[in-house]
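Pasting a structure below so you can have a look.
The values are calculated or read from the model by the stated rules, or taken from the named source; none is laboratory data. Bear in mind the structure is a predicted one, so any value in this text is a computation, not a measurement. Cβ placement follows ideal geometry from the backbone for every residue including glycine, while neighbour counts extend to all protein chains displayed. Only protein heavy atoms, including side chains, enter the accessible area calculation; ligands, DNA and RNA are left aside. Shrake-Rupley method; radii C 1.70, N 1.55, O 1.52, S 1.80 Å.
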Amino acid sequence: MKKYEILEHTADIRARIFAKNQEDLFVNSAICLFELLTDKKAKAKDTKHIELSASRLEDLLVIWLNELISIFYSYKFLPVDYAVSISELSGVKKISADVRGIEFNPYGNKDVKSEIKAATYHNLKIDKDSKGFAAEVIFDV
Amino acid sequence: MPEIAFEKIDDYKFRIPKSYKQGMRVDGIIYATEKLLSGAKNDNAFEQVANVAFLPGIVKYSLAMPDIHWGYGFPIGGVAATDPEEGGVVSPGGVGYDINCGVRMLKTNLTLDDVRDKIPAIVNRLYQDVPSGVGSTGDVSVTVKEERKILVEGAKWAVSRGFGVADDLESCEEQGAIEGADPDSVSKRAYLRGREQSGTLGSGNHFLEVQVIDEIFDAKVAEKFGLSVGQIAVMIHSGSRGLGYQVCDDYVKEMLSCLDKYSINIPDRQLACAPVKSVEAQKYIGAMRAAANYAWANRQVLMHLTRAAFGKVFSKSWQSLGMDLIYDVAHNIAKFEKRVVDGKEKYLCVHRKGATRAFGPGNPELAQKYQETGQPVIIPGDMGRASYLLVGTRKSEEETFASTCHGAGRVSSRHEALRKIDVNVLLKELKAKGIEVRATGKKTIVEEAPSVYKNIDDVIEVVQKSGISRKICRMRPLCVVKG
């Protein structure tokens, strides 16, 4: 199963992400994001623990992606792999993740191939069928 | 979704009636010709005009300028004003991630003959001396204390550090620093992102372009601005970089929770908003203004580097090259402006998302030197065709909350451009037209190819004929530095 594909959008980048389950959907979305940003391959050295919550799964996906964008640019950390668990308590969706990666300076770095400002909530959707999950996210570039 | 039945108001205005979608509080009005309208029908932009009409407290109509294209939340080219006294909201998505993305234009006393043989030298020098490109980092390194000053003082901070002169400030919207910025409402992450990027152009559609004036439409105003045919000008397009993106993201997230809290019904969560008078909105407004000031400081530094680069090429000071600032405009911002609505004076929150303020002659907020002419409005086109200088009009104050277009507007995607356009063929075509391009990546050049944009002449025709701004002169590009 392919992890994601890029769709048409007049000004920004629209991605459709596929996965067998919710956890993989979040992991594959992160993979899509960082493959848009850089081709850099590395072995993870450090771990950051992330916990986020939202009232909707769709919102949680965008909050997750923006958290990763923010860590990339603010703390110069490039995620490489992810251990994700998603839970729900009293209607609140929660992600708990160990993000493993490397120190990486995104500024003035030739390995960075595009700039992504943020993941957006516009036309955001997550569909579920017998094959699994598919999400659509628009990144502002 | 149903197809939108546009009602033609006149040759340059079309209406989306509020009956189109339940929940629209006002009509949508699009400034366009039939040609431009049909060219943009395949994307979601018009649906977005209808979505903006849901915003609580929206006044008169949800507007779109002729460069309209698909954005997120608001369309690019979208304008909406809300009335804080009637529960009006502010929406971070109505300003966008690149807060105070904008353009400035400076003139020179050089002519085409002076620069013709020096174009490669100029573009190479600019490319070398002005940091650009994906994740570019600047030479201007600042401490957190200094960064807080930038957020309050904007372009004034840059001038106080020797990047330009006091006269530059008079030629900026808000004199290069909007009041009411609150550096405490800006997150640590935004500071971290901002610190790396002071004095950088950025990537995507940001650019630095050397142009020649090739046509004058209003000789009197052009003369007043010191502009004539054959003269060289420079345009700089950049914004608040990572600092602004982080501010927007922080507050869109915060305002999602305001939707339930204030019982706000909107069809797109990217339009998340809060009543202007709420604590959440006030914090956002303080942070947004801080980011706007960062952008003004940034463009001031970029202009300083540009002047210095020209100085090196021509072995002269920038003053003796006559490199004075014509004006600097913000095209992603929310501002509080006085407007008369149905005979009553109101203090409205005007969102401009890919739209330019266009104050007419006599507007008390303009500096003395623009009182007679109206505010200069700078509209960049694509890198292969042309850009325009216009002025604002009284009609724009009456009709469009003093707003006009901001550029050509995209018609096709970056993805499609990468699939269809060969960068070497494109560069050859541009060179044949006498246009030199430098960029860190070939990808950006392709993504920003002239063919992905509407023809700027068509866009300008609409704002001119509808009377919401007035053409002064047109410039064609000679060399371009892209991110």
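Dipole of chain B (Lys/Arg Cβ +1, Asp/Glu Cβ -1, origin at the Cα centre): which of B:SER315, B:LEU348, B:CYS248 lies farthest to the positive side?
It is B:SER315, whose Cα lies furthest towards the positive end.
From other protein chains only, count the Cβ atoms within 10 Å of every residue's Cβ in A:10-18, then give the mean. Each step should come with its number before you reach the end.
On the way: counts 19, 18, 9, 3, 3, 0, 0, 0, 0.
Across the residues of A:10-18, the mean count of other-chain Cβ atoms within 10 Å is 6.
Using a/c under 1.5 as the rounded threshold, could you call the stretch A:12-133 rounded, prolate or oblate? The axes a ≥ b ≥ c are square roots of the C-alpha gyration tensor eigenvalues, and prolate needs a/b larger than b/c, oblate otherwise. Walk me through the numbers on the way to the answer.
On the way: a/c = 1.79, a/b = 1.49, b/c = 1.20.
Prolate.
Could you compute how much accessible surface B:LEU36 exposes when probed at 1.4 Å, giving the result in Å² to the nearest 10?
About 10 Å², ignoring ligands and nucleic acids.
Given a 1.4 Å probe, show me the residues in the stretch A:90-124 buried by at least 50 Å² of accessible surface when comparing the whole protein assembly to the chain alone.
Checking the loss per residue gives A:TYR107, A:GLU115, A:LYS117, A:TYR121, A:HIS122.
For chain A, what is the calculated [θ] at 222 nm in deg cm²/dmol (nearest 500), taking -39500 (n - 2.57) for each run of four or more DSSP H residues and dividing by its residue count?
Working: 2 runs with 34 residues, N = 141.
Calculated at 222 nm, the ellipticity per residue is -8000 deg cm²/dmol.
Further question: Could you give the size of the charge dipole of the stretch B:216-310 about its Cα centre, using +1 on the Cβ of each K and R and -1 on the Cβ of each D and E, expressed in debye and rounded to the nearest 20? Don't skip to the end; give the middle numbers.
Working: 11 positive and 8 negative charges, 54 e Å.
Computed about the Cα centre, the dipole is about 260 debye.
Over the stretch B:114-247, calculate the relative contact order: mean separation of alpha carbon pairs under 8 Å at least 6 apart, over the residue count, as a percent. Can you show the working numbers first?
Values: 151 pairs, mean separation 38.1, N = 134.
Answer for the stretch B:114-247 is 28 percent.
Choose one of B:ILE30, B:ASN42, B:TYR370: the residue whose Cα lies farthest towards the positive end of the charge dipole of the stretch B:7-482 (beta-carbon charges +1 Lys, Arg; -1 Asp, Glu; about the Cα centre).
B:ASN42
While we're looking at this one, here's another question. What 222 nm value per residue comes from the helices of chain B, counting each DSSP H run with n ≥ 4 as -39,500 (n - 2.57) and dividing by all residues, nearest 500 deg cm²/dmol?
Value at 222 nm, helices only, nearest 500: -10000 deg cm²/dmol.
Once you list every other residue whose beta carbon is under 11 Å from the beta carbon of A:THR47, what net charge do they have if Lys and Arg are +1 and Asp and Glu are -1? Please report the intermediate quantities before stating the final value.
Numbers: positive: A:LYS45, A:LYS48, A:ARG100; negative: A:ASP46, A:ASP81, A:ASP98.
In short, 0.
Could you work out the relative contact order of chain B? I mean the mean sequence separation of Cα pairs under 8 Å and 6+ apart, divided by the number of residues, in percent.
On the way: 1201 pairs, mean separation 105.6, N = 483.
Averaging sequence separation for qualifying contacts and normalising by length gives 22 percent for chain B.
I've got another one for you. Quick one: buried accessible area between B and A, total over both chains, 1.4 angstrom probe, nearest 100 Å²? Before the final figure, lay out each step's value.
Values: alone 18150 and 7890 Å², together 22640 Å².
Its buried surface, counting both partners, is about 3400 Å².
For the stretch B:251-410, what class follows from the C-alpha gyration tensor (a ≥ b ≥ c being the square roots of its eigenvalues): rounded when a/c is under 1.5, otherwise prolate if a/b is larger than b/c, else oblate?
Prolate is the answer for the stretch B:251-410, as a/c is 1.5 or above and a/b outweighs b/c.
Can you give the extra length, in nm with one decimal, that the chain gains between B:SER38 and B:VAL165 once fully stretched, where that is 0.36 nm per residue apart less the Cα-Cα distance? Don't skip to the answer; put the middle values down first.
Values: separation 127, 0.36 × 127 = 45.72 nm, distance 4.62 nm.
Stretched fully, the B:SER38-B:VAL165 segment lengthens by 41.1 nm.
Let me cross-check B:PHE217: its accessible surface, 1.4 Å probe, with only protein heavy atoms counted, in Å² to the nearest 10?
So the heavy atoms of B:PHE217 present about 70 Å² to solvent.
Which trypsin sites (Lys or Arg not before Pro) from the stretch B:281-323 combine a DSSP loop assignment with at most 16 other Cβ atoms within 10 Å?
Values: sites: B:LYS283, B:ARG289, B:ARG299, B:ARG307, B:LYS312, B:LYS316; in loops: B:LYS316.
For trypsin sites (Lys or Arg not before Pro) across the stretch B:281-323 that sit outside H, G, I, E and B with at most 16 neighbouring Cβ atoms in 10 Å, the list reads B:LYS316.
Under the Kirkwood approximation for Rh and a Cα-based Rg, what ratio Rg/Rh is obtained for chain B?
Values: Rg = 21.0 Å, Rh = 22.2 Å.
Rounded to two decimals, Rg over Rh is 0.95.
While we're on this one: With a cut-off of at most 15 other beta carbons within 10 Å, and DSSP calling the residue loop, which trypsin sites (Lys or Arg not before Pro) in the stretch B:379-455 qualify? Please list them.
Details: sites: B:ARG385, B:ARG394, B:LYS395, B:ARG410, B:ARG414, B:ARG419, B:LYS420, B:LYS428, B:LYS431, B:LYS433, B:ARG438, B:LYS442, B:LYS443, B:LYS454; in loops: B:ARG385, B:LYS433, B:LYS454.
Counting only loop positions with at most 15 other Cβ atoms within 10 Å, the trypsin sites (Lys or Arg not before Pro) in the stretch B:379-455 are B:LYS433.
With +1 assigned to the C-beta of every Lys and Arg and -1 to the C-beta of every Asp and Glu, and no other charges, what is the dipole magnitude of the stretch B:7-482 about the Cα centre in debye, to the nearest 20? Display every interim value, and only then the final one.
On the way: 65 positive and 60 negative charges, 151 e Å.
Rounded to the nearest 20 debye, it is 720 debye.
For the stretch A:97-141, state which trypsin sites (Lys or Arg not before Pro) are in a DSSP loop and have at most 12 other beta carbons lying within 10 Å of their beta carbon.
Working: sites: A:ARG100, A:LYS110, A:LYS113, A:LYS117, A:LYS125, A:LYS128, A:LYS131; in loops: A:LYS110, A:LYS113, A:LYS117, A:LYS131.
Sites meeting the loop and neighbour criteria: A:LYS110, A:LYS131.
Obtain the radius of gyration and the Kirkwood radius of the protein assembly as shown from its C-alpha atoms and give Rg over Rh. Write down the numbers at each step before the final one.
Values: Rg = 23.1 Å, Rh = 24.4 Å.
Using Cα coordinates only, the ratio equals 0.95.
Among B:GLY239, B:LEU259, B:LEU271, pick out the residue whose Cα is farthest towards the positive end of the charge dipole of the stretch B:206-293, where Lys and Arg carry +1 and Asp and Glu carry -1 on C-beta, about the Cα centre.
B:LEU259
Just which residues of the stretch B:58-94 lose 10 Å² or more accessible area with every protein chain there, against their chain alone, with the probe set to 1.4 Å?
Checking the loss per residue gives B:HIS69, B:TRP70, B:GLY71, B:TYR72.
What pairs from B:LYS188/B:LYS261; B:LYS35/B:LYS156; A:LYS76/B:LYS433; B:LYS312/B:LYS428; B:LYS312/B:LYS335; B:LYS316/B:LYS353 go past 32 Å between their alpha carbons? Show your work: numbers first, answer last.
Details: B:LYS188/B:LYS261 26 Å; B:LYS35/B:LYS156 43 Å; A:LYS76/B:LYS433 41 Å; B:LYS312/B:LYS428 28 Å; B:LYS312/B:LYS335 39 Å; B:LYS316/B:LYS353 39 Å.
With Cα atoms farther than 32 Å apart: B:LYS35/B:LYS156; A:LYS76/B:LYS433; B:LYS312/B:LYS335; B:LYS316/B:LYS353.
Run the numbers on the stretch A:18-101 and let me know its relative contact order in percent, using alpha-carbon pairs under 8 Å that are six or more apart. Don't jump to the answer; show the numbers that get you there.
Working: 114 pairs, mean separation 32.4, N = 84.
Answer for the stretch A:18-101 is 39 percent.
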